[in-house]
Amino acid sequence: MADQAEVVPLDAEGKPLSKKAIKKQQKDAEKSKKKAETAARLESEAAARDKDDVSKDCYGDSPIIKSTEKTDRKWTHIRELVTAKVGQKFLIRARVHNRRGAGKLCFIVLRQQYHTVQAVVAVSETVSKQMTKFATDLNLESVLDLEGELTAAPEPITGCSQQDVELKVTKLFCLSKAMPQLPLQIEDAMRPEHLEDGPQGRVNQDTRLDNRIIDLRTTANQAIFRVEAAVCRLFREYLTAQNFVEIHTPKIISAASEGGANVFEVTYFKGQAYLAQSPQLYKQMALCADFDRVFTIGAVFRAEDSNTHRHLCEFVGMDIEMCFYEHYHEVLDVIGGMFVNMFKGLQEQCAEQITTVHKQYPAEPFKFLEPSLVLNYSEGVAMLRANGVEMGDEDDLTTPNEKLLGKLVKEKYDTDFYMLDKYPLAVRPFYTMPDPNDPKSSNSYDMFMRGEEILSGAQRIHDPDLLTERALHHNLDLQQIKAYIDSFRYGAYPHGGGGIGMERVCMLYLGLNNIRKTSMFPRDPKRLTP
Ligand code: ATP
């Protein structure tokens, strides 16, 4: 019988292993055996669970949609879930706005923009306990696909937009998981502003703007930016119907449009350029090129270090310019008509959104007259003086005086919108037509909403010699505005117009207190992101 030699484990190089190394090897082997056993146990437990999970195919995490199939399934929006449709089955894709589970029952508030509905996942013959647990564990803001039957709510669900119905869930899939800890809670961000000082959470403006994607999901923000879209739509529709042509002006320009200050400089290949402070010169040049009525909606840049509630470094300008026949009041009439049409259109088309905004940010409804109220600057000054303000005839309105005048006008005329005509020449840009009857005055105007300026405009000088004289008076470099002045040397029509700040119109129409609320991704001296 041959000797049975003891088997000595060897290392990679063929040398016998040390006792310590052998022990480690044994330990590792035991560990992986245990691991395999645990995995097998979990698998068989899951299989057993699945076997008695009656809804195992009706809930879970969905695979990523990679556009592999097209089906004829019909999707429904939450706003369409109304009492008349009780008894019907629906397929919905929405976010988890809120959810609370209580054993065999889970309530999920589903949200799409500013519509919400309650969904109920209740243990039944077809809904397992595991399914309700899955629902209860969903992270807020996750995106779900749900199927269910619409039922009448046993009592009005006051927290939801769809108060009289609820969705009895039969299928529930999570399409996209939100992280468990959000940088801000939508519930907190939606709390009415006047209640924000209460014991509950409070979201300050910087936190909101730092996390704008989530902040924008609040029902008030969903409504604000729909109102803002309507402001532009109504502006565009009205002017188009009045034979205006929509134009697009360059935003990169070679010289500052209105003097050198407040302009952003950019590198332009080997030279330098500026970001346009307004489309002013280009919309006038378009008129000189025989587009007799133009408007434009576009970005305007101001490098002003103004940290106020109403200044941005980039805003959207809604600009108008038109030829007139006899008197620049023809322009005022068109702009007045445009605003009245806009205010009426907002009331009619955005009633639901306006109510939604005011739930979070209460404000008085916006009042206006038809036709619009026009006051002369001197009348405005007189009203201010009668109320204790000391100011010279040629002084510009300070912001507090502007506000005060708005208040006085509201008291006297019951309107939140008015026009102030005939500004002192000294406070207006060089291209403003002087008043022929008063050398200290000009054919220029501002317009106000709730006592704040939203438009500046004027008759423009269309005579190249007078324009040159006024440019020199303002110490401008004629060489830099040569192309502009030259455009009036080939025959030019009398004309006027105005520039409107879109964010200001939306802010003041809704009675909001800060322009950052109406700028989706605001740019101010302290904010360049997100
Ligand atoms: P303000 O006196 O309020 O600073 P402005 O006289 O500089 O305004 P204009 O240059 O006449 O304003 O611009 C026309 C309109 O553009 C204003 O009435 C306002 O609605 C809007 N606007 C001007 N500057 C800003 C800004 N920095 N941010 C947002 N909107 C602005």
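Here Asp393 clears all of (1) under 30 Å from Tyr493 (Cβ atoms); (2) modelled with pLDDT under 95 except the condition numbered (1). If you scan region 372-398, which residues turn out to be in a helix (DSSP H, G or I) and touching a residue at least 12 places away in the same chain (Cβ under 8 Å)? Passing the criteria: Tyr377, Ser378, Gly380, Val381, Met383, Leu384. Being within 16 Å of the ligand (Cβ to nearest atom), at pLDDT 95 or above and closer than 29 Å to Val316 by Cα is the requirement here; does Ala492 meet it? When the stated conditions are applied, Ala492 does not pass them. For region 163-195, the set of residues classified as closer than 23 Å to Arg93 by Cβ, aliphatic (A, V, I, L, M), in contact with a Ser or Thr (Cβ under 9 Å, 6 or more places away or on another chain) and part of a loop (DSSP other than H, G, I, E, B) consists of Ala178, Met190, listed by residue number. Using the structure shown, decide if Ala47 is modelled with pLDDT under 95, of a type in the set (A, V, I, L, M, F, W, C) and not in a strand (DSSP E or B). Yes. For region 413-425, the candidate set comprises residues that are part of a loop (DSSP other than H, G, I, E, B) and at negative phi; within that set, the residue that is nearest to the ligand (Cβ to nearest atom) is Tyr423.
Tally up the residues in region 510-523 that are crowded, with 20+ Cβ neighbours inside 10 Å and touching a strand residue (DSSP E or B) at 6+ places or on another chain (Cβ under 9 Å), please.
Residues of region 510-523 that are crowded, with 20+ Cβ neighbours inside 10 Å, as a first pass: 510, 512, 515-519, 522.
With touching a strand residue (DSSP E or B) at 6+ places or on another chain (Cβ under 9 Å) added as a condition, the list becomes 515-516, 519, 522.
Residues that pass the stated criteria total 4.
Within region 400-408, is even one residue free of Cβ contacts under 8 Å to residues at least 24 places away in the same chain and surrounded by fewer than 18 Cβ atoms within 10 Å (Cβ to Cβ)? Lay out the reasoning, then the answer.
Restricting attention to region 400-408, the residues satisfying the condition of being free of Cβ contacts under 8 Å to residues at least 24 places away in the same chain are 400-401.
Restricting the remaining residues to those that are surrounded by fewer than 18 Cβ atoms within 10 Å (Cβ to Cβ) gives 400.
So far as region 400-408 goes, yes, one or more of its residues are free of Cβ contacts under 8 Å to residues at least 24 places away in the same chain and surrounded by fewer than 18 Cβ atoms within 10 Å (Cβ to Cβ).
Going by what's in this entry, would Pro279 be described as within 27 Å of the chain's Cα centre (by Cα) and at pLDDT below 95? No, not satisfied. Applying the criterion of being closer than 30 Å to Arg226 by Cβ and of a type in the set (Ser, Thr, Tyr) to the residues of region 350-399, the residue that is surrounded by the most Cβ atoms within 10 Å (Cβ to Cβ) is Thr356. When region 426-457 is examined, which residues are found to be in a strand (DSSP E or B) and either basic (Lys, Arg) or surrounded by 22 or more Cβ atoms within 10 Å (Cβ to Cβ) (or both)? Answer for region 426-457, where residues must be in a strand (DSSP E or B) and either basic (Lys, Arg) or surrounded by 22 or more Cβ atoms within 10 Å (Cβ to Cβ) (or both): Lys440, Ser441, Ser442, Ser444, Tyr445, Asp446, Met447, Phe448, Met449, Ile454, Leu455, Gly457.
Count of region 436-473 residues, restricted to those that are touching a residue at least 24 places away in the same chain (Cβ under 8 Å), of a type outside the set (D, E, K, R) and under 25 Å from Val381 (Cα atoms), is 13.
Taking the criterion of being buried (at least 18 other Cβ atoms within 10 Å of the Cβ), modelled with pLDDT under 95 and farther than 23 Å from Leu510 by Cα, the only residue of region 205-254 that qualifies is Ile253. Is it fair to say Met447 is under 30 Å from Leu404 (Cα atoms) and in contact with a strand residue (DSSP E or B) (Cβ under 7 Å, 6 or more places away or on another chain)? When the stated conditions are applied, Met447 passes them.
From the list Met342, Met318, which one is crowded, with 21+ Cβ neighbours inside 10 Å, within 16 Å of the ligand (Cβ to nearest atom), outside any strand (DSSP E or B) and at pLDDT 95 or above? Lay out the reasoning, then the answer.
Numbers: Met318 fails: outside any strand (DSSP E or B).
Only one candidate passes the filter, namely Met342.
Residues being exposed (fewer than 10 other Cβ atoms within 10 Å of the Cβ) and either at pLDDT 85 or above or among the polar types (S, T, N, Q) (or both): count how many of those fall in region 15-25. Can you show your working first?
If we filter region 15-25 for residues that are exposed (fewer than 10 other Cβ atoms within 10 Å of the Cβ), which is where we start, we get 15, 19-20.
Still in the list and also either at pLDDT 85 or above or among the polar types (S, T, N, Q) (or both): 20.
The qualifying residues number 1.
Please work out which residue is farthest from Pro494 (Cα to Cα), limiting yourself to region 297-315 and to residues that are surrounded by fewer than 22 Cβ atoms within 10 Å (Cβ to Cβ) and touching a Pro at 6+ places or on another chain (Cβ under 7 Å). Going through the qualifying residues, I end up with Asn307.
The condition (being of a type in the set (D, E, K, R), farther than 20 Å from Ser176 by Cα and at pLDDT 90 or above) is satisfied by just one residue among Lys85, Lys70, Lys56: Lys85. For region 324-337, residues that are of a type outside the set (Phe, Trp, Tyr) and either near the ligand (Cβ under 10 Å from one of its atoms) or crowded, with 20+ Cβ neighbours inside 10 Å (or both) total 5.
The values are calculated or read from the model by the stated rules, or taken from the named source; none is laboratory data. For clarity, every value in this text was computed on a predicted model and none was experimentally measured. Every residue, glycine as well, gets a Cβ built from its backbone with ideal geometry; the counts of neighbours run over all protein chains shown.
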